[in-house]
Amino acid sequence: MKSWLFGMGAIFLGFAIGAGAARAELNQATKQLARDIFKQLIEINTTDSVGSTTVAAQAMAQRLRDAGFSASQVQVLGPNDRKGNLVARLRGTGAHRPILLICHLDVVEARREDWSIDPFQFTEKSGYFYGRGTQDVKDGDAILVTTLIRLQQEGYTPNRDIIVALTADEEGGKSNGVDWLLRNHRDLIDAEYVLNPDGGGVYTRNGKPAIVEVDASEKLYADYQLEAKNAGGHSSLPVPDNAIYHLAGGLARLERYQFPFELNEVTRVFFARMASVEKGQTAADMRAILGDPPRAEAIARLSADPLYNATMRTTCVATRLDAGHANNALPETARAVVNCRILPGHGREEVRLNLIRILADPKIAVHFVSDQGELLDTARDRHVGPPLVLRSELMQPLEQIAQQMWPGAPVIPAMGTGATDGVYSNAAGMPTYGISGIAIEFGDVRAHGRDERVGVGSFDDGAEFYYRYVKALTSVR
Ligand SMILES: [Zn+2]
């Protein structure tokens, strides 16, 4: 298949958009349905601590059955009562292999006291929907379910089965749904390729669409536990050898350390395209880092931006700290968690050894923390393939619809700096693309944070986008 990266000129010419192309117009009933489903999902707590993805999966299964899906087309299944996954299938003619749309149902923990409103109450306020999961990623769940219902109610027959899997434990927990389905029910979700609304998306600047991002690669996630131990003693008789000071010294060295600059095929194209979106010094710097050799001052200036920094290098940052056992005792234990996002082509054990070198203190032990929470002496590596090929059969309709809905915003392939369930489906040989029609303002990414929100119009457009895109992917005879 043709690589899209090198065929852009032809694609733009071949898909010039007619003057009549309009912005998204959902009909009122579909708009209301999407919002009702979104509200229902936000108000079902799906955190790992006290929530249940089964409740959410069953609610969505009921929605689909109410819309005419048969029991055999919709299943809820999982390893236990609380970690259910929904798998639904809209049957096609079978002319092509199925496509799979994955989206996680679980959300990151949210404390009422940290938020200005109740995170588990769906709140519409000044043009935004607020609630935990409005960005990450119950908007995507609601949009996929709405899309299936809309296609079903139209009596649409796709040229291939469209499978939707809404799953557990992407954000944490021991029962990752995509992993579990691949291990136990591969036949139910086997597909030619996968779309995941948990990656990519539309970014706006001052409300104006700036770029449409497609995630065609992603970083590797890894947690490490740092631990300093000491015999302790009475705090009235301090000694220089102190577990907290050892750990703090190591963390200070980590704070000052930067992993080396490194680009790959996808991030090179990302910066080349972004140079035409950015202006002035930033645009010049993006061109300068693509040179041979890349300009060090340009790298340094771009590194001030968290996204550009994370696109250019592996990052490791302290995320948790826990030390000592009494106000009047010398600490016997000091621990920290360091979370790393590793560039493709590098491994978790390699980074663990790097951390030991950077912390530069034999008193600090560095353990790898597995997905199941076990502490391991050596890191469990996971294969991450090379960046995906951007197939023209996916990219052409994406270009076309993006130009209709967000005129002037270029489609830009990128490397996801977070981690998604794509790591499992990619490893299983099903190429996975992070694609979302949700528009978020640069600087307003609130996923995992307080007062998470998504624009009302952005959500409506996102629903229209997926409907058009899935239809475009499944209607070629
Ligand atoms: Zn997510």
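Data table
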{"quantity": "The stretch 75-156 - percent relative contact order, Cα under 8 Å, separation 6 or more", "calculated": "22 percent"}
{"quantity": "Positive minus negative residues near Ala110 (Lys, Arg vs Asp, Glu; Cβ under 15 Å)", "calculated": "-4"}
{"quantity": "Apportionment of accessible area to carbon and sulfur, the chain, percent (1.4 Å)", "calculated": "51 percent"}
{"quantity": "Per residue value of the accessible surface for the chain (all protein chains in place, 1.4 Å probe), Å²", "calculated": "43 Å²"}
{"quantity": "Helix axis angle, 28-42 relative to the chain longest principal axis, alpha carbon, degrees", "calculated": "20 degrees"}
{"quantity": "Computed accessible area, Asp460, all protein chains, 1.4 angstrom probe, square angstrom", "calculated": "20 Å²"}
{"quantity": "Summed side-chain charge close to Arg256 - residues other than Arg256 whose Cβ falls under 15 Å, Lys, Arg +1, Asp, Glu -1", "calculated": "+1"}
{"quantity": "Relative contact order of the chain, pairs being alpha-carbon contacts under 8 Å that are 6 or more residues apart, as %", "calculated": "25 percent"}
{"quantity": "Gyration tensor verdict on the stretch 261-414 (Cα atoms; rounded if a/c is under 1.5, prolate if a/b is larger than b/c, oblate otherwise)", "calculated": "prolate"}
{"quantity": "Radius, Kirkwood style, for the stretch 389-477 when every pair of distinct Cα atoms is counted (Å)", "calculated": "14.9 Å"}
{"quantity": "The stretch 240-267 versus the stretch 323-350: alpha-carbon centroid distance in Å", "calculated": "11 Å"}
{"quantity": "Beta bridges by DSSP in the stretch 70-221, antiparallel share as percent, to the nearest 5", "calculated": "65 percent"}
{"quantity": "14 Å reach of a label modelled at Val277, 7 Å along Cα-to-Cβ, counting backbone N of the stretch 192-214", "calculated": "200-214"}
{"quantity": "Rg to Rh quotient for the stretch 206-262, alpha carbon positions, Kirkwood Rh", "calculated": "1.29"}
{"quantity": "Built amide H within the under 5 Å cut-off of Arg382, gap 5+", "calculated": "Arg348"}
{"quantity": "Förster-model FRET efficiency, 25 Å R0, Ala95 and Asp187, C-beta, rounded to 0.05", "calculated": "0.80"}
{"quantity": "For the chain, share of DSSP beta bridges that run antiparallel, in % to the nearest 5", "calculated": "70 percent"}
{"quantity": "Global geometry of the stretch 96-190, whether rounded, prolate or oblate, following the gyration tensor of its Cα atoms and the 1.5 cut on a/c", "calculated": "oblate"}
{"quantity": "Cα shape, the stretch 355-418, gyration tensor, a/c 1.5 rule", "calculated": "prolate"}
{"quantity": "Quarter of the Cα convex hull surface for the stretch 211-349, i.e. its orientation-mean projected area (nm²)", "calculated": "11.0 nm²"}
{"quantity": "For the stretch 330-347, Karplus couplings with θ = phi - 60° (6.51, -1.76, 1.60), whole Hz, Gly/Pro x", "calculated": "5, x, 8, 9, 9, 10, 9, 10, 10, 9, 10, 10, 9, 4, x, x, 10, x"}
{"quantity": "Tilt relative to the chain, helix 348-359 - C-alpha long axis, 0 to 90 degrees, to 10", "calculated": "40 degrees"}
{"quantity": "Per-residue ³J(HN,Hα) for the stretch 459-475, Karplus 6.51 cos²θ - 1.76 cosθ + 1.60, θ = phi - 60°, Hz, x for Gly and Pro", "calculated": "5, 4, 5, x, 5, 5, 4, 5, 4, 5, 5, 4, 5, 5, 6, 10, 10"}
{"quantity": "Relative contact order (percent, whole number), the stretch 404-465, Cα cutoff 8 Å, 6+ residue spacing", "calculated": "32 percent"}
{"quantity": "Under 14 Å, Cβ to Cβ, from Thr123 - net charge with Lys/Arg +1 and Asp/Glu -1", "calculated": "+4"}
{"quantity": "Percent of Cα pairs exceeding the 29 Å cut-off, where the set is the chain", "calculated": "52 percent"}
{"quantity": "For the stretch 425-440, Karplus couplings with θ = phi - 60° (6.51, -1.76, 1.60), whole Hz, Gly/Pro x", "calculated": "5, 4, 5, 7, x, 10, x, 10, 10, x, 9, 9, x, 7, 9, 10"}
{"quantity": "Between 0 and 90°, nearest 10: helix 265-277 axis offset from the chain longest Cα axis", "calculated": "70 degrees"}
{"quantity": "Sequence-distant residues sharing a close amide H with Ile211 (under 5 Å, placed H)", "calculated": "Tyr203"}
{"quantity": "Unpartnered cysteines - no second Cys beta carbon under 4.7 Å - across the chain", "calculated": "Cys103"}
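The values are calculated or read from the model by the stated rules, or taken from the named source; none is laboratory data. Values in this document were obtained by computation on a predicted structure and should not be read as measured data. FYI the Cβ positions are ideal-geometry reconstructions off the backbone, even for glycines, and counts take in every protein chain you see. Please note that ligands, DNA and RNA were not included when accessible areas were found on the heavy atoms of the full protein model with its side chains. Shrake-Rupley method; radii C 1.70, N 1.55, O 1.52, S 1.80 Å.
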